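Worksheet for the structure shown next.
The values are calculated or read from the model by the stated rules, or taken from the named source; none is laboratory data. Being a predicted model, the structure only gives us computed values, none of them experimental. FYI the Cβ positions are ideal-geometry reconstructions off the backbone, even for glycines, and counts take in every protein chain you see. Please note that ligands, DNA and RNA were not included when accessible areas were found on the heavy atoms of the full protein model with its side chains. Shrake-Rupley method; radii C 1.70, N 1.55, O 1.52, S 1.80 Å.
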Amino acid sequence: MSVTSIESRKAPRRIGTRRIGTWALQGLVAAVFFAAGGAKLAGTPFMVHLFDQIGIGQWFRIVTGVVEIIGAVALLYPGLASIGGLWLGGTMVGAVATHLILHSSPLPAVILGALNAVIVYLRRDELRALAARVRN
């Protein structure tokens, strides 16, 4: 058996493993954002207190919750995962800044932002195709 035929057998497995890993990561990150967005929309005491500290108003808690839920849905919708990753990554930039201003730990937001960056990287072909469709 030649080296080429061995390599060609391994390639589909790696692609399948990458696809499964990407979907698993998207599912995990989406679950976190569903939970966080749901907590904001439900008005859990912790979220109400956090948004009181921010000082913009509780309307911002609702908007943030909706943004997180929409981003989570996009992560799970075929063809929109890269946009969802960008959307939620941008949201996490704001979250990191807010936590730094409030002198609380930005680590969860940093981790979620990094995971969204990984999703965007893994779905970069999807993003390129979408950009090409918009240009045409």
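Which percent of the accessible heavy-atom area of the chain goes to carbon and sulfur, probe 1.4 angstrom? Could the numbers behind the result be given before it?
On the way: 5990 of 8380 Å².
Carbon-and-sulfur percentage of accessible area, whole number: 71.
Could you point to the label whose value was computed as mean projected area of the Cα convex hull in nm² for the structure here, given (i) 8.4; (ii) 10.7; (iii) 8.8?
So the calculated entry is the one marked (ii).
Could you work out how much longer the chain between A117 and A131 gets when fully extended? Use 0.36 nm per residue separation minus the Cα distance between them, nm to one decimal. The partial results should precede the final answer.
Numbers: separation 14, 0.36 × 14 = 5.04 nm, distance 1.75 nm.
Difference between extended and current length: 3.3 nm.
Could you work out how far apart the two model spin labels at T44 and A24 are, taking each label as a point 7 Å from the Cα in the direction of the beta carbon, and quote it in nm?
Between T44 and A24, the label points sit 2.5 nm apart.
Take the chain, connect every pair of alpha-carbon atoms lying under 10 Å apart with a spring to form a Gaussian network, then pick out the residue of G38, G16, G65 with the largest mean-square fluctuation.
The residue that fluctuates most here is G16.
How many Å² of accessible area per residue for the chain, probe 1.4 Å?
Working: 8380 Å² over 136 residues.
Result: 62 Å² per residue.
Quick one: what are the phi-derived ³J(HN,Hα) couplings along region 119-136, Karplus 6.51/-1.76/1.60 with θ = phi - 60°, whole Hz, x for glycine and proline?
Each residue of region 119-136 in turn: 4, 4, 4, 5, 9, 4, 5, 4, 5, 4, 5, 5, 5, 5, 5, 5, 5, 8 Hz.
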